[in-house]
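To start, the structure itself, in structure tokens.
Quick note: the coordinates plus some simple rules give every number you see, no bench work behind them. Since the model is a prediction, treat every value here as computed from it, not as a measurement.
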Amino acid sequence: MVKIEQLNGVTLAYLGDAVYEVYIREHLLNLNITKVNELQKRATHYVSAKAQASLINLMTEEDLLSDDELRIYKNGRNAKKYTKAKNTSVVTYHMSTGFEALMGYLEISGNKERLEELVKYCIEKVEAGETDAK
């Protein structure tokens, strides 16, 4: 069994990236989108570094995160990364890593209800056009 306190922000982001992506893929399939190219194109609005940075910005502006969740986000954002940002700024990349770390933390800690609440929030914000998605 993995001890959460032993996982750094980048490791949590590794898990969170996959977890969040699955939620988004399921959401898109529930919209009856069946063409893979369309699914990929639409998914980008939710899962790109720019979209995730925008979403975490909204969460912090709206004071949506608990102190613990904010700490996890900041740990992920500030963690030393061994990969470079692709197609985005370093700041955006770091913020998206923090977003993914939060998603990974909620998953591995078993807090599915809170994870689903935040994913639902993200979906609503993207669909309302309130993010810098793409």
| remark: Dividing the helical contributions, -39500 (n - 2.57) per DSSP H run of n ≥ 4, by the residues of the chain yields a 222 nm value, nearest 500 deg cm²/dmol, of -23000 deg cm²/dmol
| request: Could you pull the Rg and Dmax for the chain, using just the Cα atoms, both in Å? | output: 14.1, 41
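Let me know the shape class of region 69-134, please: from the alpha-carbon gyration tensor, a ≥ b ≥ c as square roots of the eigenvalues, rounded when a/c is under 1.5, otherwise prolate if a/b is greater than b/c, or oblate.
oblate
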| query | Counting alpha carbon pairs within less than 8 Å and at least 6 residues apart, what relative contact order, in whole percent, applies to region 34-134? | reply | 42
